[in-house]
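Remarks on the structure that follows.
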Amino acid sequence: MSPVIDNLSRAIGDLTDPLGNYSLDYIEEKVKNAHYLLFKNENVNAYKYQK
């Protein structure tokens, strides 16, 4: 789960750059990586952690 959080936090951090210097390609790549890491195992139960 840590790599997923890392990819998403980098994408969010890039969007919050006070100078507004960001690359949409970079953000898209980080979100895509996070999505892949989160869902690459087809046996993942998305509701497993719900109470």
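Values quoted throughout were computed directly from the atomic coordinates according to the rules given, and no laboratory measurement underlies them. From a predicted model like this one, the values you see are computed outputs, not experimental measurements. Ideal geometry is used to build each Cβ from the backbone, glycine not excepted, and the neighbour counts take in all protein chains shown.
Observations on the model:
- Listed peptides 10-23, 27-40 by packing density, highest first (mean Cβ within 10 Å): 27-40, 10-23
- Near-label residues of segment 1-27 by backbone N, under 20 Å of a point 7 Å along Cα→Cβ of F39: 1-12, 25-27
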